[in-house]
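Each reported figure results from applying straightforward, stated rules to the coordinates on display, with no laboratory input. The structure displayed is predicted, hence computed values, not measured ones. Cβ sites come from the backbone with ideal geometry, for glycine too, and all protein chains shown count toward neighbours.
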Amino acid sequence: MSKVIEIKNGKVFQQKALILDDIHFELNATGFVYLIGRTGSGKSSLLKTIYGEVPLAEGEGTIAGFDLKKLRKKDVPKLRRKIGIVFQDFQLLMDRPVLDNLLFVLGATGWKDKALMVKRATEVLQLVGVESKASAMPHMLSGGEQQRVSIARALLNKPALILADEPTGNLDPETSEEIMRLFIAVTKEEKTAVLMATHDMRMVEKFPGKVIKVENGRLIEN
């Protein structure tokens with residue numbers, strides 16, 4: 001099976017401090033992996049390396065067909081088109097309706113045809129069950145609805161990989177479960193690999209997947 005992430009002998013530094021050492025990590029094209037570890041353990045640094053914000057200092061790494069060692073600044077937007085990101089705090093643009101949030105992302109990632117953009121945005125809103133909120137402003141939505149929109153946004157470009165950074169961190173337990181069920185269903189349907197950083201061990205127990213722990217600067221498979 002093809003690999004969407006493959007890192008060997010990797011090292012990651014932030015401001016000259018070694019954050020992660022001896023990284024060996026791979027994720028299959030439709031795999032689902034949890035990334036757990038204490039705050040400050042290096043989970044976010046790994047995610048930033050995967051989406052091209054923090055360089056892979058040593059070792060080899062390919063993400064969705066892009067070689068991290070050869071990644072130039074101008075290639076980063078192309079890499080990010082292959083990756084959808086779901087944040088804990090949703091990161092929606094609060095000054096425009098839901099549909100325009102999605103159209104903004106499509107425009108920023110190179111889409112030109114307005115009719116096709118509206119069609120794709122509507123498709124992903126239907127997929128996550130909030131098509132009726134297309135003209136609503138983000139502040140009018142509940143936390144769960146905002147996170148559904150943010151999952152829809154992550155799916156826009158049919159990414160090979162979704163990185164989810166504490167996606168249930170700001171939600172109550174019931175909504176968290178709803179979001180996890182949705183997340184697992186749509187990523188299966190869209191055949192997308194998922195790497196989810198989380199503190200929420202109830203979700204890990206309830207929705208089992210492969211678990212990688214970041215501890216003492218290393219990745220340990222649980």
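All conditions but one from (1) aliphatic (A, V, I, L, M); (2) surrounded by fewer than 20 Cβ atoms within 10 Å (Cβ to Cβ); (3) out of contact with any strand residue (DSSP E or B) (no Cβ under 9 Å at 6 or more places or on another chain) apply to VAL211; the one that does not is (3). When ALA108 is tested against the conditions (1) exposed (fewer than 13 other Cβ atoms within 10 Å of the Cβ); (2) of a type in the set (A, V, I, L, M, F, W, C); (3) more than 21 Å from LEU163 (Cα to Cα), the lone failure is (3).
Going by what's in this entry, would GLY40 be described as more than 16 Å from the chain's Cα centre (by Cα), of a type outside the set (A, V, I, L, M, F, W, C) and crowded, with 19+ Cβ neighbours inside 10 Å? No: the conditions fail for GLY40.
All of (1) assigned to a helix (DSSP H, G or I); (2) under 24 Å from GLU189 (Cα atoms) hold for LYS74 with one exception: (2).
Listed here are the residues, each with its yes/no results for (1) under 19 Å from the mean Cα position of the chain (by Cα); (2) assigned to a strand (DSSP E or B).
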| site | (1), (2) |
| --- | --- |
| LYS11 | no, yes |
| ASP22 | no, yes |
| LEU27 | yes, yes |
| LEU35 | yes, yes |
| SER44 | yes, no |
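For beta carbons closer than 9 Å, sequence separation of 6+ or different chains, a first residue in region 68-91 that is within 13 Å of THR49 (Cβ to Cβ) and a second that is assigned to a helix (DSSP H, G or I) and of a type in the set (Ser, Thr, Tyr), the qualifying pairs are LEU68/THR49.
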